[in-house]
Amino acid sequence: MRIAFFDLEEWQPDYLQAGLLRLQIADQVEARFFHDHLSPETAGQYADFEAVVVFIWTKLTRAVIESLPSLRLVLTMSTGYDHIDLQACRERGITVCNVPHYGENTVAEHTFALILSLSRKLHAAYFQGLRGDFRIRELRGFDLYGKTLGVVGAGNIGLHVIRIARGFGMRVLAYDTRPHPLLAEVLGFTYTDLDTLLRESDIVSLHVPALPETYHLINRETLSKMKRGALLINTARGSVVDTEALLWALEEGILAGAGLDVIEGEEYIQEESALLKMPLAEQTLKQVVQAHLLLKRDDVVFTPHIAFNSQEAVQRILDTTLANLKAFLEGRPQNVVS
């Protein structure tokens with residue numbers, strides 16, 4: 001099988017090659033490794049490849065997939081797969097596999113890094129330090145102990161967030177479409193409806209996947225139901241939060257701050273050169289402008305989609321990706337999403 005790995009860091013080809021040898025599948029594949037993304041402009045170069053491995057920065061659109069007539073397998077080095085046109089893959093009988101578990105604790109820890117950065121005004125203190133102008137009263141934060149954390153999406157990551165929150169002595173409310181009462185009893189949290197969670201939580205943290213039903217789950221209507229002065233944390237997907245509505249909520253003082261690891265249009269923020277290389281739809285340009293307005297605010301802490309990005313988690317991603325490849329070669333595909 002000819003397989004092309006994209007979106008790789010400098011050290012990863014050697015790690016992956018060693019993994020192919022360790023799993024005893026190196027002789028079954030002809031692997032090529034690339035640091036660049038797979039794009040519509042370059043996809044034709046890989047027309048005879050039967051498998052591609054990508055991260056979220058590569059968008060496997062229908063056009064890209066149609067440029068790969070030999071493609072039988074897509075492995076994404078991520079849990080989310082909204083960057084892949086699953087319908088186009090289904091029509092071609094292409095198997096798509098993800099990495100469902102690799103960094104639940106990693107993302108949960110980053111969630112609390114964002115929470116603490118806002119609750120104890122760490123980012124504000126840092127910038128005051130750069131200016132050599134400390135104004136201590138402006139840096140007064142608040143305790144997490146005794147506060148209410150609302151977790152929207154109590155899946156694998158959300159449950160780790162709940163565990164950490166309970167360690168801080170926080171009361172935890174959770175909203176999930178598939179509640180597990182036994183877990184709630186063991187971890188000491190309460191399931192509730194979304195409106196109650198928004199109304200009672202001092203901090204709301206989002207941990208839902210990017211699906212049609214979660215698109216702009218946080219919008220003007222839901223934000224208006226939140227406790228005034230609350231914090232919003234998003235380490236899920238940018239599409240879950242309506243950026244325009246978030247700007248409005250911050251301007252109106254409904255929210256005291258936002259901690260964001262993801263944001264709509266983040267791919268254009270991270271790779272600003274893309275703005276000069278491609279025509280952008282009016283909606284995309286609007287997202288880019290709104291994102292820049294948001295990130296300039298003192299009450300917003302932004303990290304560039306790195307909640308997953310610990311060394312241990314990245315190695316687990318690569319290991320699971322190789323295990324997915326081995327399973328496919330053995331005729332027993334695993335972690336299949338399409």
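The values are calculated or read from the model by the stated rules, or taken from the named source; none is laboratory data. What you see is a predicted model, and the numbers here were worked out from it, not measured in a lab. Don't worry about glycine lacking a Cβ; one is built from the backbone with ideal geometry, like all the others, and counts go over all protein chains shown.
Could you list, in sequence order, the residues of region 310-337 that are farther than 23 Å from A210 by Cβ and either out of contact with any helix residue (DSSP H, G or I) (no Cβ under 8 Å at 6 or more places or on another chain) or among the hydrophobic types (A, V, I, L, M, F, W, C) (or both)?
Correct list: Q311, L322, A323, L325, K326, A327, F328, L329, E330, G331, R332.
Evaluate region 247-255: report whether one residue or more is outside any helix (DSSP H, G or I) and charged (D, E, K, R).
Keep residues of region 247-255 that are outside any helix (DSSP H, G or I), which gives 252-255.
With the extra rule that they be charged (D, E, K, R), the set shrinks to 252.
Yes, there is a match, as at least one residue in region 247-255 is outside any helix (DSSP H, G or I) and charged (D, E, K, R).
Condition first: among the hydroxyl-bearing types (S, T, Y) and either not assigned by TED's automatic domain parsing to the domain that holds V151 or not in a strand (DSSP E or B) (or both). Can you find one or more residues in region 182-191 that meet it? Even if it seems obvious, please write down each step before you answer.
Taking region 182-191 as the starting set, the residues that turn out to be among the hydroxyl-bearing types (S, T, Y) are 190-191.
Subset that is either not assigned by TED's automatic domain parsing to the domain that holds V151 or not in a strand (DSSP E or B) (or both): none.
No, because not a single residue in region 182-191 is among the hydroxyl-bearing types (S, T, Y) and either not assigned by TED's automatic domain parsing to the domain that holds V151 or not in a strand (DSSP E or B) (or both).
Give the residues of region 118-148 that are buried (at least 16 other Cβ atoms within 10 Å of the Cβ) and touching a Phe, Trp or Tyr at 6+ places or on another chain (Cβ under 9 Å), sorted by residue number.
Scanning region 118-148 gives S119, R120, A125, Q128, L144, K147.
Looking for whichever is over 29 Å from G103 (Cα atoms) and not aromatic (F, W, Y) here; the options are S224, S201. Which one fits?
Selected residue: S224, the only one of S224, S201 that is over 29 Å from G103 (Cα atoms) and not aromatic (F, W, Y).
For region 59-152, list the helices (runs of 4 or more DSSP H) that sit wholly inside it and hold at least 1 residues that are out of contact with any Gly (no Cβ under 6 Å at 6 or more places or on another chain), assigned by TED's automatic domain parsing to the domain that holds L16 and over 27 Å from V241 (Cβ atoms); which are they?
It comes to 62-66, 86-92.
Given the options R178, R199, R163, name the one that is in a loop (DSSP other than H, G, I, E, B), closer than 30 Å to D82 by Cβ and of a type in the set (D, E, K, R). Write out each step before concluding.
On the way: R199 fails: in a loop (DSSP other than H, G, I, E, B); R163 fails: in a loop (DSSP other than H, G, I, E, B).
Of R178, R199, R163, the one residue that is in a loop (DSSP other than H, G, I, E, B), closer than 30 Å to D82 by Cβ and of a type in the set (D, E, K, R) is R178.
Which residue, of A258, A230, A245, is more than 21 Å from the chain's Cα centre (by Cα) and either assigned by TED's automatic domain parsing to the domain that holds R166 or in contact (Cβ under 8 Å) with a residue 12 or more places away in the chain (or both)?
A230
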